[in-house]
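Notes follow once the structure below has been shown.
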Amino acid sequence: MVSYVSALLYVAGGIVVAGMALLVAFQEKLVYVPVLPGFTKSYPITPARLRLLYEDVWLTSSDGVRLHAWFVKLLPDCRGTISRELIPSLLTTDIAHRLEMVRIMLQRLQCNIFMLSYRGYGASDGFPSQQGITRDAQAALDHLVQRKDIDTTRIVVFGRSLGGAVGAVLTKNNPDKVAALMLENTFTSILDMAGVLLPFLKWFIGKSSSNGPRILNFLVRSPWNTIDIISEIKQPILFLSGLQDEMVPPSHMEMLYTKAAAHNRQCLFVEFPTGMHMDTWLAGGDYYWRTIKEFLEKTVPDKKDSDSSRRGLPSLHHFAVLLEAK
């Protein structure tokens, strides 16, 4: 009996040690994916390849890291008569691999789009970390609010996956700059995701869904505790959940919504039955884009800007988007 108990203790100890070793050695590679499998770090195409009008933008984060971005502009003949909105969006990671979605977003939402590569992603310098990426998102927002061709009172942040965690922090930290937040297929925390990626760790690490003692939480350098941040956001929030998400369990989005709705009456949760982690926008089809458009019209309604009118500019709608590939 004693030997049996000893064996169990050795096994448990071995699991803990193995878990600690994995977390210390590989956690950044699990959290941050600067290069998607099958792709290169350099941009395979630019917006010009899809005949999109854009400008290159270079930013400097508060700690001196140089960041690359694209400002994709809505062509004048594409604005139509839908209040001629300009909706810049801010995308993260390998921005060139998001251009097809950007093209459709331009058409369906009548928007301009601001696309940022985090540090370590694309042409941006540095190495990704939670503190660093938070600084990068802030640098992008600070750049956007200084632009003269957008309405800086109507900023909406969109985040997918890790971008949702980044977007939540950015929205909480800038209540006077961000008007609304949209989250798609976002996790509750990296602590909870550790148990999803490495199931045996769920007994030793976690945030909201762990049943274990969570003795390894202190080893996680990028916890991204969205489940804690979400309850502090007072702006309207749209939750877009793909029920076939193969990476982030849809239950994470449900928990985020429940936590947010307990403190914020301006929350909307929408499910897409066939949506996977990265293709919910495609699987959702017309319903996906109508959902976003109606959310924007309700929470950030179009308005006439007298100063813009005097300068001959259209009524402006500024829309920041954070997307993250995993």
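The values are calculated or read from the model by the stated rules, or taken from the named source; none is laboratory data. Computed from a predicted model, the values in this text were never measured in an experiment. FYI the Cβ positions are ideal-geometry reconstructions off the backbone, even for glycines, and counts take in every protein chain you see. Side chains included, ligands, DNA and RNA excluded: accessible areas come from the protein's heavy atoms. Shrake-Rupley method; radii C 1.70, N 1.55, O 1.52, S 1.80 Å.
Checking each residue in region 165-204 for being among the acidic types (Asp, Glu) and either modelled with pLDDT under 90 or over 19 Å from Gln138 (Cα atoms) (or both) picks out Glu184, Asp192. Just one residue in the set Gly163, Gly195 is assigned to a helix (DSSP H, G or I) and closer than 29 Å to Leu67 by Cα; that residue is Gly163. When Ile150 is tested against (1) at pLDDT 90 or above; (2) under 24 Å from Met101 (Cα atoms); (3) open to solvent by less than 30 Å² (accessible area, probe 1.4 Å), only condition (1) is not met.
Table: residues versus (1) at pLDDT below 75; (2) in contact with a Pro (Cβ under 7 Å, 6 or more places away or on another chain); (3) surrounded by 14 or more Cβ atoms within 10 Å (Cβ to Cβ).
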| residue | (1), (2), (3) |
| --- | --- |
| Val2 | yes, no, no |
| Val5 | yes, no, no |
| Val16 | yes, no, yes |
| Met20 | yes, no, yes |
| Leu23 | yes, no, yes |
| Lys29 | yes, no, no |
| Tyr32 | no, yes, yes |
| Leu36 | yes, no, yes |
| Gly64 | no, no, no |
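Sort through Phe158, Phe187, Phe239 and tell me the only one that's assigned to a loop (DSSP other than H, G, I, E, B) and of a type in the set (Phe, Trp, Tyr).
Details: Phe158 fails: assigned to a loop (DSSP other than H, G, I, E, B); Phe239 fails: assigned to a loop (DSSP other than H, G, I, E, B).
Every option except Phe187 fails the conditions.
Reported count of residues in region 110-148, each being closer than 18 Å to Tyr43 by Cβ and in a loop (DSSP other than H, G, I, E, B), is 11.
In the set Thr93, Thr81, Thr40, which member is open to solvent by less than 30 Å² (accessible area, probe 1.4 Å) and modelled with pLDDT under 70?
Thr93
For the criterion of being closer than 28 Å to Thr280 by Cβ and of a type in the set (Lys, Arg), Arg147 fails. Among residues of region 126-151 that are farther than 15 Å from Val65 by Cα, those with a beta-carbon under 9 Å from a residue that is open to solvent by less than 30 Å² (accessible area, probe 1.4 Å) and among the small types (Gly, Ala, Ser) at least six positions away or on a different chain give the pairs Leu141/Ala320; Leu144/Ala320; Asp151/Ser308; Asp151/Ser315.
Yes/no matrix, rows are residues, columns are (1) surrounded by 16 or more Cβ atoms within 10 Å (Cβ to Cβ); (2) within 27 Å of Asp151 (Cβ to Cβ):
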| position | (1), (2) |
| --- | --- |
| Gln235 | yes, yes |
| Gln244 | no, no |
| Pro249 | yes, no |
| Ala260 | yes, yes |
| Thr291 | yes, yes |
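Among the residues of region 44-63, the ones that are without any contact (Cβ under 8 Å) to a residue 40 or more places away in the chain and within 16 Å of Ala123 (Cβ to Cβ) come to 5 in all. Total residues in region 257-296 satisfying the condition of being in contact (Cβ under 8 Å) with a residue 24 or more places away in the chain, part of a loop (DSSP other than H, G, I, E, B) and charged (D, E, K, R): the figure is 1.
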